[in-house]
Amino acid sequence: MPGVPALLPSYASLDDPVAELRAACLEVVAGLGPRVRVRASGPSAARVAAALVEAVGAAVVDDAGTGETGVLVVGNGSAKRTEKAPGHFDPRAEEFDAALRRTFAGIDADLAAELWADTGCLGGLPPLAEATVLYDDAPFGVQYWVALWA
């Protein structure tokens, strides 16, 4: 799940630039149940997670084992997929994201940092190939996935 601030209610407008992304996020979060634990890559991602959880009428719980019904992981792939991306174009970004799709294990932390990827929250997750992926795109030059593992 991406931590893009455009998903926050304060960024809502009549013309939603991330309507498809928002719909996929809300669908996944709604499927996590009423008590959701959040693993976020940073404060902005945590705010996005909390807003999405609240939007579906669920509550964020702080610790594992507190009756959680699901876990929401929030982070982004690379942010250098195009010239207009926040980090501008880096030719390594597409291959980095392709490798990230295959496995979240063994991520090159230095390369992730250079590509502005929020990968710190991905440890221990199974690969995307084992998930139902509802969204896989790089709008604004930033790679976002929305996926649900059973």
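The values are calculated or read from the model by the stated rules, or taken from the named source; none is laboratory data. None of these values were measured; they are calculated from a predicted model. Cβ placement follows ideal geometry from the backbone for every residue including glycine, while neighbour counts extend to all protein chains displayed. Accessible surface is based on the protein model in full, side chains and every heavy atom, while ligands, DNA and RNA are left aside. Shrake-Rupley method; radii C 1.70, N 1.55, O 1.52, S 1.80 Å.
The single condition among (1) within 22 Å of residue 133 (Cα to Cα); (2) in contact with a strand residue (DSSP E or B) (Cβ under 9 Å, 6 or more places away or on another chain) that residue 78 does not meet is (2). Regarding the range 25-45, can at least one residue be identified that is within 20 Å of residue 138 (Cα to Cα), assigned to a loop (DSSP other than H, G, I, E, B) and of a type in the set (Asp, Glu)? Checked against the condition, which is being within 20 Å of residue 138 (Cα to Cα), assigned to a loop (DSSP other than H, G, I, E, B) and of a type in the set (Asp, Glu), the range 25-45 yields no hits at all. Assess whether residue 44 counts as being open to solvent by less than 70 Å² (accessible area, probe 1.4 Å), of a type outside the set (Phe, Trp, Tyr) and more than 19 Å from residue 128 (Cα to Cα). For residue 44, the condition - open to solvent by less than 70 Å² (accessible area, probe 1.4 Å), of a type outside the set (Phe, Trp, Tyr) and more than 19 Å from residue 128 (Cα to Cα) - is met.
Could you count how many residues in the range 88-111 are aliphatic (A, V, I, L, M), closer than 13 Å to residue 77 by Cβ and within 18 Å of the chain's Cα centre (by Cα)? Talk me through it step by step, then tell me what you get.
Applying the first criterion (aliphatic (A, V, I, L, M)) to the range 88-111 yields 93, 98-100, 105, 107, 109, 111.
Still in the running and closer than 13 Å to residue 77 by Cβ: 93, 98-100, 107, 111.
This time we only want the ones that are within 18 Å of the chain's Cα centre (by Cα), so: 93, 98-100, 107.
Result for the range 88-111: 5.
Take the residues in the range 101-134 that are in contact with a Pro (Cβ under 9 Å, 6 or more places away or on another chain) and part of a helix (DSSP H, G or I), then tell me which one is most open to solvent (accessible area, probe 1.4 Å). Across the range 101-134, the extreme among qualifying residues is 102.
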